[in-house]
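Here the structure comes first, spelled out in structure tokens, and everything after it is commentary.
The values are calculated or read from the model by the stated rules, or taken from the named source; none is laboratory data. Please read all numbers here as calculations on a predicted model, not as lab measurements. Here the Cβ positions follow ideal geometry from the backbone for every residue, glycine too, while neighbour counts run over all protein chains shown. Side chains included, ligands, DNA and RNA excluded: accessible areas come from the protein's heavy atoms. Shrake-Rupley method; radii C 1.70, N 1.55, O 1.52, S 1.80 Å.
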Amino acid sequence: MALGAPSIQAVRWDGRRLSLLDQTLLPGAETWLTLTGAADTAEAIRRLAVRGAPNIGIAAAYGVAMDLSARPSLGALEEACEVLIAARPTAVNLAWAVERVRAACLGAGPSTIASAARGAAQKIHAAEDAASGAMAELGADWLAARGVRTILTHCNTGALATGGRGSALGVCIELAARVEGVTVIACETRPLLQGARLTAWELQRLGIPFALIVDGAAAGLLRRGAADAVIVGCDRVAANGDVANKVGTYAHALAARAVDLPFAVAGPTSTVDLATPDGDAIAIEERGAEEVVAFGGVDVAPAGTPVINPAFDVTPAALVSALITEKGIAAPVDAAAVAGLLA
Ligand code: MRU
């Protein structure tokens, strides 16, 4: 398999139905789910069968389209949009994609509303695929110019998370295709292990050298010079450049800054939210205690243990060396540079 080939897909559309590779079952089983409308798509998003900021937007767009095919009306449109937007709060791609489909439908009549929704969803899917490719090129240029060979990353930002081959992981894959000796250090990403279960699965399939570490090992390894740069994805970029991403990201940014390593964030412009002024205004999803107190179905904390389980954290713009999008790179990352990406 050629390095960088977009051989992994998590979301498929056959013109009528949405199929998702159930990411809760990876790497143990490759099981495809067939969805029929907004309600089951929202449920798949909530339980992380489909995940990653761009992919939940794509899935949600198809969720609206499927409901409108069954019931082509403005009432159905509003109901579908509401149930999907409520599925997860932090990644702005979800609301962004649903609003795009809604806008396309509002300009259509009763006989064309369903095809308008399907067309808008397919357009979003194709645009995210193209954005992945452009980000990979720009990001690999940026890393190559800094002589980066070993890259630490967090969570899963590959094909399983995006419409194409990935955001941060797409950049790593592209660099590995261009330069000999590229290695990825993948953080396991507690509590749901997107790094261990999903990033390791993707890198193994692509034949890219990597090592898996526990999240707590990252700061010490960066201090010992084990990586040349950190690159992560993002779920929402605020207007001032603050970035929300999978919980644990902020700690990696602090550790990278302490030893003067580049800390890059990659994401499509669908993740940039100029309506959110700064990181404090980003809603952080709080998930259930069961994700923390049990591991692989085995209890790892006494019954009744109180839990705090934020799924994301915010890294201030000042700690981000570069924001890599399909439209260009903001570096340094500030309000003017972020606005410039969307101009
Ligand atoms: O909870 P998840 O698995 O959906 O979180 C995903 C992340 O935090 C990714 O880093 C982010 O969505 C970027 S994916 C291109």
For the stretch 240-272, how many residues are over 20 Å from V230 (Cα atoms) and open to solvent by 20 Å² or more (accessible area, probe 1.4 Å)? 1
I56 is checked against (1) farther than 19 Å from G163 by Cα; (2) within 13 Å of the ligand (Cβ to nearest atom); (3) without any contact (Cβ under 8 Å) to a residue 60 or more places away in the chain and fails just one. What number does that condition carry? (1)
